[in-house]
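All remarks here apply to the structure that follows.
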Amino acid sequence: MKIGIVDVGSNTIRLLVARREGGALVSLREEREHLFLGEDVERKGRLSKGRIEEAARCVAGQTRIARSLGAGAVRVIVTAPGRQSSNGDELVRELAAAAGAPVNVLTADEEGRLAFAGAVAAARSLPSTVAVCDVGGGSAEAVVGTAEGGPAWTRSLDVGAVRLTERFLAGDPPSKRALAAARAEVERHLEAFAPPLPHAVLATGGTARGLRKLVGTELEADEFDAALRILGKRSSVKVARTFGLHEHRARTLAGGAVILSCLQARLGVPMNVSRAGLREGAALALLDELVASAA
């Protein structure tokens, strides 16, 4: 069966149409639109009517694409914008009406677990214990567990790439002083962060994908330092043009890099950028539900 997942996040709204073949998830179509809902949430505490209407239009279009490709079930998932906005319920109502499909506002724990499932399922080989780190626009999740047993430890940080940029990284490019202040803020959120130490770490989400274009697929201290040197010397417009990024992604990439670098230092293992994560985990969960309901 083909299914569709529409992922409404702080930076983008993304579509994944997929099916399972031989136990593996196969992507059939992906779409992306940048709407920057997280900016409204951070600046105003709520989503403007215009942003909600834009989101509903986008979700309606992506669900139409999924159904035109034969998706038998479509699910809309909402991450930080639904949790952090004071009018998240209004967003959910408008999205449900636009999509004609269920809309689930994920808890931070659910978001982390689905990202873990998606990243782990796509990995070719893993050691006994693995961590998955997913940095979004409004929050960051870290999950430690095993491929066989699933998540055993989850934590969410109420700080993401958009939030950190809006609060600390106003300059374009950001100054060394601003980057140091941003790092201190992330470390404050990590004061009680005491995970079981993994043998491998997968990084997923838009920040990780962006950093892959700057410094490659393996991320540890040297790579983060190199990325932040680039981002501290060039404007977001130049970064976007040089590395093939959306300008808004380039603008928030330094904030996301600071978060990931702090997580990597605490976990003590190099990060490998995963091409799969939240949407793939949500797709696998929906397929499992459909199989169970048909049994």
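Given a 10 angstrom Cα cut-off, can you work out which residue in ALA97, ALA18, ALA250 is the most mobile in a GNM of the chain?
Comparing ALA97, ALA18, ALA250 in a Gaussian network model of the chain, the most mobile one is ALA97.
Taking +1 at the Cβ of each Lys and Arg and -1 at the Cβ of each Asp and Glu, which of SER128, SER293, ALA56 sits farthest along the dipole of the chain towards its positive end, judged by Cα position relative to the Cα centre?
Of the options given, the answer is ALA56.
Give me the extension gain from SER128 to ASN104: residue separation times 0.36 nm, minus the current Cα-Cα distance, reported in nm with one decimal.
5.5 nm
Using the Karplus curve 6.51 cos²θ - 1.76 cosθ + 1.60 with θ = phi - 60°, what ³J(HN,Hα) values do you get for each residue of segment 26-42, in whole Hz, with x for Gly and Pro?
Residue by residue, segment 26-42 yields 10, 7, 9, 6, 9, 9, 8, 9, 8, 10, 6, 4, x, 5, 4, 4, 5 Hz.
Tell me, what % of the accessible area of segment 250-295 is carbon and sulfur with a 1.4 angstrom probe? Walk me through the numbers before you get to the answer.
Numbers: 840 of 1540 Å².
Carbon with sulfur: 54 percent of the solvent-accessible area.
Quick one: among ALA265, ALA282, ALA254, which has the greatest mean-square fluctuation in a GNM of the chain with alpha-carbon springs under 10 angstrom?
For the chain, modelled as a Gaussian network with Cα springs under 10 Å, the answer is ALA265.
What lysines sit close enough to LYS238 to cross-link, taking a C-alpha to C-alpha distance under 23 Å and skipping anything fewer than 8 places away on the same chain?
Correct list for LYS238: LYS176, LYS213.
Largest first and in whole Å, what are the equivalent-ellipsoid semi-axes of segment 21-105 based on the Cα gyration tensor, each being the root of 5 times an eigenvalue?
Gyration-tensor ellipsoid for segment 21-105: 26, 13, 12 Å.
Carbon and sulfur: what percent of segment 96-189's accessible surface (1.4 Å probe)?
Looking at segment 96-189 in its full context, I get 51 percent from C and S.
Can you tell me how segment 187-295 classifies by the Cα gyration tensor, rounded, prolate or oblate, using a/c under 1.5 as the rounded cut?
Oblate, because a/c is 1.5 or more while a/b does not exceed b/c.
Relative contact order for segment 1-150 using alpha-carbon pairs under 8 Å, separation at least 6, rounded to a whole percent?
23
How many Å² of accessible area per residue for the chain, probe 1.4 Å?
Values: 12530 Å² over 295 residues.
Result: 42 Å² per residue.
So if each residue of separation counts as 0.36 nm, and I subtract the Cα-Cα distance between ARG229 and VAL291, what length gain in nm does that give?
Gain on extension, ARG229 to VAL291, equals 17.5 nm.
Can you give the relative contact order of the chain as a percent, counting alpha carbon pairs under 8 Å and 6+ residues apart?
This gives 20 percent for the chain.
Can you list which of the trypsin sites (Lys or Arg not before Pro) found in segment 81-143 are DSSP loop residues with at most 14 other C-beta atoms within 10 Å?
ARG124
Please figure out what share of the DSSP beta bridges in the chain is antiparallel and state it in percent, rounded to the nearest 5. Write down the numbers at each step before the final one.
Working: 31 of 48 bridges.
Taking every DSSP beta bridge within the chain, about 65 percent pair in antiparallel fashion.
The values are calculated or read from the model by the stated rules, or taken from the named source; none is laboratory data. If you're wondering where the values come from, they're calculated on a predicted model, not measured in any experiment. For neighbour counting, all protein chains shown are included, and Cβ atoms are generated from backbone atoms with ideal geometry for every residue, glycine included. Please note that ligands, DNA and RNA were not included when accessible areas were found on the heavy atoms of the full protein model with its side chains. Shrake-Rupley method; radii C 1.70, N 1.55, O 1.52, S 1.80 Å.
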